[in-house]
């Protein structure tokens, strides 16, 4: 992939990708939480922020591991894959290190704390970097060239009546 075939993935694209990822996480975590804590976990009578050790495991540790593993193996979460985006090192354009991915994940907390300003930064930054990207030295890019069509059987011919 050449640099001229890439563009920085913008704010609204990344919002869409984040929504896909959030929905997928909910599909996994909500049934687990209901199984462990019952329907009262989401009810009005819940006491405290954390319901117990399984709550921490399911809501915080499991998503962190899943996201970092997706980043490590695919350079993208399913949401980013859906928009043909991937995370690359901001200097080289190569795959970031595992340390960069962990720093990027922790950087989300820094970016969210001041009213989400670090996430909104993607909308105004020249390279479309949020604070988590800046802290980790990463950018999110996407392919601007359409993928060429190819068939497994080169002898298969198009119906001549369609010409």
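Summary table below
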read-out: Protection proxy ranking, peptides 74-80, 8-14, average beta carbon neighbours within 10 Å, highest first; value: 74-80, 8-14
read-out: For segment 1-31 versus segment 34-90, the gap between their alpha-carbon centres in whole angstrom; value: 14
read-out: Between 0 and 90°, nearest 10: helix 98-112 axis offset from the chain longest Cα axis; value: 60
read-out: Choice from 97, 84, 150 showing the highest fluctuation, given a GNM over the chain with Cα pairs closer than 10 Å; value: 150
read-out: Expected-Rg normalisation [2.2 N^0.38 Å, Cα atoms] applied to segment 11-81; value: 1.27
read-out: Spherically averaged projected area of segment 1-129 from its Cα convex hull (nm²); value: 9.2
read-out: Förster radius 35 Å - calculated FRET efficiency between residue 57 and residue 11 (Cβ-Cβ, nearest 0.05); value: 0.65
read-out: Degrees between helix 62-74 axis and first principal axis of the chain (Cα, 0 to 90, nearest 10); value: 20
read-out: Percent of beta bridges antiparallel (DSSP, the chain, rounded to nearest 5); value: 100
read-out: Extended-chain gain in nm, criterion 0.36 nm per residue less alpha-carbon gap, residue 49 and residue 74; value: 5.7 nm
read-out: The chain: relative contact order in percent, alpha carbon pairs under 8 Å with at least 6 residues between; value: 28
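Quick note: the coordinates plus some simple rules give every number you see, no bench work behind them. Computed from a prediction, not measured in an experiment: that's the story for all the values here. Here Cβ is always computed from backbone atoms with ideal geometry, including for glycine, and neighbour counts include all displayed protein chains.
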